[in-house]
Each structure stands twice: as structure tokens, then as C-alpha cells.
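Below is one structure, written out as C-alpha cells, with a few remarks after it.
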Amino acid sequence: MKKHNFYAGPSILSEYTIRNTADAIINFADTGLSVLEVSHRSKEFQAVIDEATALVKEILEIPEGFQVLWLGGGASMQFCMLPYNLLRKHAAYLDTGTWASNAIKEARLFGDVDVVASSKDANYTYIPKGFEVPAGVDYFHYTTNNTIYGTEIRIDPTVDCPLVADMSSDIFSRPIDFSRYDAIYAGAQKNLAPAGVTLVIVREDALGHVDRPIPTMLDYRTHIKKGSMFNTPPVLPIFSALQTLRYYKQLGGLPELERRDLEKAAMLYDAIDSSRMFRGTVTDPADRSIMNVCFVMKEEYSELEADFIRFCADRGIVGIKGHRSVGGFRASLYNALPIESVKVLVEAMHDFEATR
């Protein structure tokens with residue numbers, strides 16, 4: 001039975017990426033070696049990381065002055081690595097969910113952190129608005145998409161300081177105005193590659209201004225100088241990322257990716273909004289994520305949630321159980337998910353509702 005993969009991460013990858021990665025595990029670049037065992041110093045792998053970096057710059061239209069890094073440690077490592085490098089005295093953060101809250105906790109180890117607004121009071125079911133970012137802060141950090149709660153900020157904020165963003169779960173789903181940013185980071189396991197590599201895009205002239213000594217491995221300049229190869233990089237995830245980037249370019253880049261993502265999300269939200277059994281959890285439709293659609297059974301049907309999960313499983317639909325902290329359902333609509341899978345889920349919702 002065909003599987004329809006709605007897991008939040010590690011998540012669905014394109015068939016193009018999976019097949020090419022599988023081939024390279026057997027024979028990488030006609031070397032007679034697996035990509036799992038090839039030297040990262042070989043000319044064949046150097047070509048991989050060079051092309052992947054060039055495609056990130058091309059697809060995202062990154063201007064001169066920024067460096068693209070391939071690092072380990074996940075986005076959670078960036079929660080501390082970023083303020084280590086960029087927070088001189090005072091930063092501003094927006095609290096919109098678990099990962100934003102974790103980033104705030106780490107940043108407070110390095111300086112004063114002003115939490116300009118939070119939606120924790122309503123279990124992060126909305127994006128705060130109308131807040132002010134204090135003058136003179138080193139940067140304003142926000143999390144673009146909140147995988148657990150299903151909210152998203154799809155427009156680059158206008159503030160009087162550099163922006164920093166965790167784009168782990170929606171990078172490559174919209175254009176980005178890099179003129180506003182000092183840094184963007186993203187764990188790969190949503191829209192790019194298997195878990196194990198983190199994409200960091202940093203403005204080079206933003207570095208070197210903190211007074212504290214920075215451990216070698218946590219200094220962005222170390223990895224810039226060594227082309228992300230100060231130590232052995234995550235070779236396999238970077239190879240898979242290259243395949244995904246090639247696939248994105250073949251599709252037509254960000255305009256086509258965004259069109260597809262909006263279409264998939266609209267289809268599922270329409271089904272939720274027109275249902276007598278299901279309801280969305282985000283209070284303002286303008287705050288709804290197009291990557292992670294969170295919904296629940298209406299109160300009178302809440303005892304049927306487990307039945308619906310089983311009903312979906314019988315149709316090959318996997319990964320729709322909501323995060324353990326919020327319950328309900330979560331359908332992750334990352335770039336690699338075909339619209340046919342959304343149609344199958346919508347049909348399952350209609351059919352389940354018709355039997356109850």
C-alpha cells in the first residue's frame with residue numbers, strides 16, 4: 001500500500017532525493033565507494049558541497065556578503081551558537097512556541113534578552129502582534145514556523161535592527177528579504193535532507209564584534225574559513241540536500257514551491273473549516289501555518305480521535321497524530337509531500353465523518 005507521509009520530522013523526502021541517495025550509498029560518483037565511506041576531502045565530495053552551497057544561494061537569491069554553512073548539532077545547537085557569535089549585550093526575542101522558548105533560554109546565557117511578546121498564555125495558538133522591539137538591540141530573533149502549534153510568520157518583520165530567524169520547518173517555501181537579516185538557520189529534516197546537518201546563512205560582516213572568547217567549534221568564522229570542513233561534515237545529509245536542491249531547481253524554484261505549498265494548505269484548511277467534526281486549533285486564520293496543519297475533533301466527537309487515526313492508517317496515512325504536548329492531529333505539508341496525499345487525507349476525513 002502506498003504510504004502518505006505526514007510526519008513532522010524527520011519527514012518526507014522527494015523520491016528523487018531518496019533514489020539518488022540510495023544509489024550513492026552503493027556507488028558514489030562512480031568511485032566504487034559508498035558515500036557513507038568516501039573521504040570528505042575527496043574531489044568528488046568537494047564538488048557536492050560546492051554545488052549544494054551554490055544552489056542554496058541561487059534558489060534563495062542570497063546576495064553577496066553572506067556565507068552558507070553546513071554544520072552539525074541541529075537547530076538546537078544554533079540556539080546557543082548564534083548568540084555566542086552575535087549577542088553583544090542585548091537582544092530581542094519573540095516567544096511563539098517550544099523552540100522559540102528554548103532559543104530564549106540559551107540566549108540568556110550570553111546577554112540581556114527582552115521577550116517582546118509571547119502567545120504562551122493561549123498555548124501558542126496565535127502569533128503576537130503590535131509588539132515593539134526596543135531600540136538598539138543587537139538583533140531580533142523569531143521562529144518563522146511553529147511545528148507543534150501550527151502557526152507561521154510568512155512575512156519578514158519590519159524592525160529597526162537586524163533580524164535573525166529559525167526557519168527550520170519552512171525554509172524554501174517563500175522568498176526571503178536578506179537585506180533585513182544577519183543570520184538564518186534551519187535544521188535539514190523538514191524541507192531539505194535527513195537529520196544530521198543544519199543550514200546556516202550568516203552575514204559575514206556581522207561577525208567578530210563580541211568581546212567574549214568563542215570556542216573554536218562554535219565560532220562561525222572557523223567554519224567560513226574552512227568551507228564547512230573544519231571537522232568531518234555530515235557527508236550523507238549534505239549529499240541528500242544536494243539532491244533536494246537539484247529537485248527544487250527542476251521544479252521551478254521558490255515560486256513553484258510556494259504555489260504548491262499554498263495550494264495544499266488551502267485544500268486541507270477548507271476541509272477542516274467545512275467539517276462538522278473537525279476544527280482548527282489556530283485562533284486567527286492569518287496565523288495558520290502552511291507547513292504544519294494542526295486540528296482536533298470538536299468536543300462532542302473528541303472520543304473518536306483514536307478511531308480516526310486507525311481509519312487513516314488503514315488508508316496508508318501516517319504521521320498525523322498531534323504532538324504529545326497538544327494532542328489532536330497534525331498534518332505536515334512539506335515541499336516533498338504531493339498534493340495527492342492531501343487529497344487522500346481530505347477524502348478520509350469526509351468518509352470518516354459520513355460514518356459517524
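So here's what we get for this one:
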quantity	calculated
Residue among PRO255, PRO285 that alone is surrounded by fewer than 20 Cβ atoms within 10 Å (Cβ to Cβ) and within 28 Å of LEU199 (Cα to Cα)	PRO255
Candidate set: the range 52-106, residues that are open to solvent by 50 Å² or more (accessible area, probe 1.4 Å) and among the hydrophobic types (A, V, I, L, M, F, W, C); chosen: the one farthest from SER119 (Cα to Cα)	ALA54
Wholly within the range 32-147, helices (runs of 4 or more DSSP H) carrying at least 3 residues that are among the β-branched types (Val, Ile, Thr)	43-60
Qualifying residue in the range 40-53 (condition: touching a residue at least 60 places away in the same chain (Cβ under 8 Å), farther than 22 Å from TYR248 by Cα and out of contact with any Lys or Arg (no Cβ under 7 Å at 6 or more places or on another chain))	yes
Identity of the residue in the range 151-173, assigned to a loop (DSSP other than H, G, I, E, B) and of a type in the set (D, E, K, R), that ends up farthest from the chain's Cα centre (by Cα)	ASP160
Selection within the range 243-290 - part of a helix (DSSP H, G or I), more than 30 Å from ALA52 (Cα to Cα) and not small (Gly, Ala, Ser)	MET267, LEU268, TYR269, ASP270, ILE272, ASP273, PRO285, ASP287
Any hit, the range 281-302, residues being within 25 Å of ALA188 (Cβ to Cβ) and touching a His at 6+ places or on another chain (Cβ under 8 Å)	no
The range 174-214: number of residues that are part of a loop (DSSP other than H, G, I, E, B), in contact (Cβ under 8 Å) with a residue 60 or more places away in the chain, out of contact with any Leu (no Cβ under 9 Å at 6 or more places or on another chain) and open to solvent by 60 Å² or more (accessible area, probe 1.4 Å)	1
Search result, residues across the range 324-335 that are surrounded by fewer than 21 Cβ atoms within 10 Å (Cβ to Cβ) and touching a Phe, Trp or Tyr at 6+ places or on another chain (Cβ under 8 Å)	VAL326, GLY328
Verdict on ALA22 being on the phi < 0 side of the Ramachandran plot, open to solvent by 30 Å² or more (accessible area, probe 1.4 Å), in a helix (DSSP H, G or I) and of a type in the set (A, V, I, L, M, F, W, C)	yes
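The values are calculated or read from the model by the stated rules, or taken from the named source; none is laboratory data. If you're wondering where the values come from, they're calculated on a predicted model, not measured in any experiment. Please note: Cβ atoms are built from the backbone with ideal geometry, for glycine as well, and neighbour counts cover all protein chains shown. Each accessible area value is taken on the protein alone, full model and side chains, heavy atoms only, with ligands, DNA and RNA left out. Shrake-Rupley method; radii C 1.70, N 1.55, O 1.52, S 1.80 Å.
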